[in-house]
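One structure below.
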Amino acid sequence: MTSRLLVRTFHRMVRKELSYCTLAVGVRSRRMFVSAPRHLRLSVTLAAAWCRGALFWRCSSCRPFSSTLIGFTKMSSPKRICIIGSGNWGSAIAKIVGGNVKKLDHFENEVRMYVFEEEVNGRKLTEVINTDHENVKYLPGHKLPENVVAVPDVVDTAADADILLFVLPHQFIKTICRPLVGTLKPNAVGVSLIKGFDSAPGGGIELISRVIGNLLNIPMSVLMGANLAKEVADEKFCETTIGCRDRELARDLREVFQTHYFRVVVVDDVEAVEVCGALKNIVATGAGFVDGLGYGDNTKAAIIRLGMMEIIKFCEVFYSGSQLGTFFESCGIADLITTCYGGRNRKVAEAFVSSGKTIEELEKEMLNGQKLQGPQTAAEVNFMLKSQKMEDRFPLFTAIDRICKGEMGPDQMIECIRNHPEHICNFDIKHVKISGVN
Ligand SMILES: NC(=O)c1ccc[n+]([C@@H]2O[C@H](COP(=O)([O-])OP(=O)(O)OC[C@H]3O[C@@H](n4cnc5c(N)ncnc54)[C@H](O)[C@@H]3O)[C@@H](O)[C@H]2O)c1
Ligand SMILES: O=P(O)(O)OC[C@H](O)CO
């Protein structure tokens, strides 16, 4: 029984190696191979198996030699993935990606992860991660796969990477990316998991994926969704949305990210996916304000609904061509709901109302080094709306920004939603369109 299994496995291996030989030397040579004497066929097959072994052997000393064999074995070498960032979400995603690439032959086993170096209990965080395989500061209680290697230098992290995953608080993205300019592998691509905008000169805002893409001259995709990092790390079921226009890359990305508990849907409406991810943090801050004021779930549902309307309107006005369906993906309504109930922005905004402390104080006190995106995104969006004289078209976003800045009391939040254009009743029947919002 065992010997029959061995023979079958050997035959399967021979057939597989034969197909590698075929790729290497072409169809004509395959015919020659098939008609060659048996001992010669066996030697070629074993040599191919050995080459492939050398090619995929993870030992770095073998790599220069193995790469010279690429042309003779498989047509493309395994792709290397790196992660730029290692906070709460960065670490949760490292757990998924590290676990997945181990099972995929066409990806390098090692996943380097850039860690902004700091001391934790007298030890360097990179050293803790590389020996204990746990990011004890930003994702305590969750083991990272051993093939995830913490690196304190961003250039070393990204060297030779084919796919770069960017997952930092958005406020640090330019500083971290600058040293990478001109150092990336040709044909490298990026994926932004970052929720936020950057302020553009002259009163505008820029998508973070564009900031990265322009700086590093690489094509960018995005991943956004209803993904509270701790729940993802706990392997509780959730969905996510990837915005990507390249079919082949989309296939790779799905393989890299998808697990039985983290389900990926890829859409091509890349900008709307990213805008949803950025703007929902503003709405979550508003949800925290009404929680802090002691209102109930109905009020929060109103914030979520009006927030969604403003997100859709924002896309219509500034990213025309966005598809209504995108707002029903995980990056849209689902992320809005999860973040307005379980997110950090909500939590800190609630404490802002109940404690009277500043947002900066509360961020330090409550988040142990993790960073808020909502108040800063509200300010960035307001910077743009003000310069375009459009604040009154986005009254919820505007009120949340004013409350964060102390220009308005949190109690005025309710007045704001009461007077939202949605509720300036003209005693007519609202005509509900499927193609957009009024
Ligand atoms: N945490 C989540 O549940 C979650 C889920 C989905 C998306 N996101 C998004 O992912 C992005 C990253 O969030 P996160 O939760 O991984 O980060 P985080 O909030 O845990 O932030 C901490 C990270 O910032 C780093 N940092 C601190 N100071 C720095 C500096 N001066 N320069 C560079 N890095 C510095 C820290 O080393 C740490 O890695 C954000 O845009 C966030 O909105 C977060
Ligand atoms: O904790 P928050 O508010 O930064 O939200 C986390 C995620 O973005 C939820 O999808």
For the range 199-215, check the following and say yes or no: at least one residue is away from ligand 2 (no atom under 16 Å from the Cβ), over 17 Å from residue 380 (Cβ atoms), in a strand (DSSP E or B) and not hydroxyl-bearing (Ser, Thr, Tyr). no
Cβ-Cβ under 7 Å, sequence separation 6+ or interchain: first residue in the range 211-233 and closer than 22 Å to residue 249 by Cα, partner assigned to a helix (DSSP H, G or I) and more than 15 Å from ligand 1 (Cβ to nearest atom). Which pairs? 219/213; 220/213; 221/249; 221/253; 221/270; 222/270
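Condition check ((1) touching a helix residue (DSSP H, G or I) at 6+ places or on another chain (Cβ under 6 Å); (2) within 13 Å of ligand 1 (Cβ to nearest atom)) across all residues:
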{"position": "133", "(1), (2)": "no, no"}
{"position": "147", "(1), (2)": "yes, no"}
{"position": "156", "(1), (2)": "no, no"}
{"position": "160", "(1), (2)": "no, no"}
{"position": "167", "(1), (2)": "yes, yes"}
{"position": "170", "(1), (2)": "yes, yes"}
Residue list for the range 270-304, restricted to those being surrounded by fewer than 24 Cβ atoms within 10 Å (Cβ to Cβ), of a type in the set (D, E, K, R) and under 24 Å from the mean Cα position of the chain (by Cα): 271
I'd like the residue in the range 251-272 that is in contact (Cβ under 8 Å) with a residue 24 or more places away in the chain and assigned to a helix (DSSP H, G or I) and, out of all such residues, is nearest to ligand 1 (Cβ to nearest atom). 257
Those residues that are of a type in the set (Lys, Arg) and surrounded by 15 or more Cβ atoms within 10 Å (Cβ to Cβ), I need them from the range 358-386; list them, please. 371
Say we look at the range 196-215 and pick out the residues that are farther than 17 Å from residue 388 by Cβ and aliphatic (A, V, I, L, M); which of these is surrounded by the fewest Cβ atoms within 10 Å (Cβ to Cβ)? 215
Pairs, first within 16 Å of residue 85 (Cα to Cα) and of a type in the set (Phe, Trp, Tyr) in the range 129-148, second at pLDDT 95 or above and outside any loop (DSSP other than H, G, I, E, B), C-beta under 9 Å, six or more apart: 138/88; 138/89; 138/90; 138/91; 138/125; 138/229
Only residues that are within 11 Å of ligand 1 (Cβ to nearest atom) and of a type in the set (Asp, Glu): list them for the range 197-239, please. 231
Any chance residue 408 is in contact (Cβ under 8 Å) with a residue 60 or more places away in the chain, farther than 21 Å from residue 89 by Cβ and out of contact with any Pro (no Cβ under 9 Å at 6 or more places or on another chain): no
From the options 156, 160, residue that is surrounded by fewer than 20 Cβ atoms within 10 Å (Cβ to Cβ), out of contact with any Ser or Thr (no Cβ under 7 Å at 6 or more places or on another chain) and part of a helix (DSSP H, G or I): 156
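For (1) at pLDDT below 95; (2) among the hydroxyl-bearing types (Ser, Thr, Tyr); (3) under 18 Å from residue 224 (Cβ atoms); (4) in contact with a helix residue (DSSP H, G or I) (Cβ under 9 Å, 6 or more places away or on another chain), each residue gets a yes or a no:
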position: 305; (1), (2), (3), (4): no, no, no, yes
position: 311; (1), (2), (3), (4): no, no, yes, yes
position: 317; (1), (2), (3), (4): no, no, no, yes
position: 326; (1), (2), (3), (4): no, yes, yes, yes
position: 331; (1), (2), (3), (4): no, no, yes, yes
position: 356; (1), (2), (3), (4): yes, no, no, no
Residue selected from the range 172-198 under the condition assigned to a strand (DSSP E or B) and farther than 25 Å from residue 284 by Cβ, by the criterion farthest from the chain's Cα centre (by Cα): 189
Restricting attention to the range 341-357, the residues that are free of Cβ contacts under 8 Å to residues at least 60 places away in the same chain and either on the phi > 0 side of the Ramachandran plot or surrounded by 24 or more Cβ atoms within 10 Å (Cβ to Cβ) (or both) number exactly 1
Among (1) farther than 22 Å from residue 192 by Cβ; (2) in contact (Cβ under 8 Å) with a residue 12 or more places away in the chain; (3) not in a helix (DSSP H, G or I), there is one condition residue 306 misses while meeting the rest; what is its number? (3)
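The values are calculated or read from the model by the stated rules, or taken from the named source; none is laboratory data. Keep in mind that this is a model prediction, so the values were computed, not measured. Cβ atoms come from the backbone with ideal geometry, glycine included; neighbour counts cover every protein chain shown.
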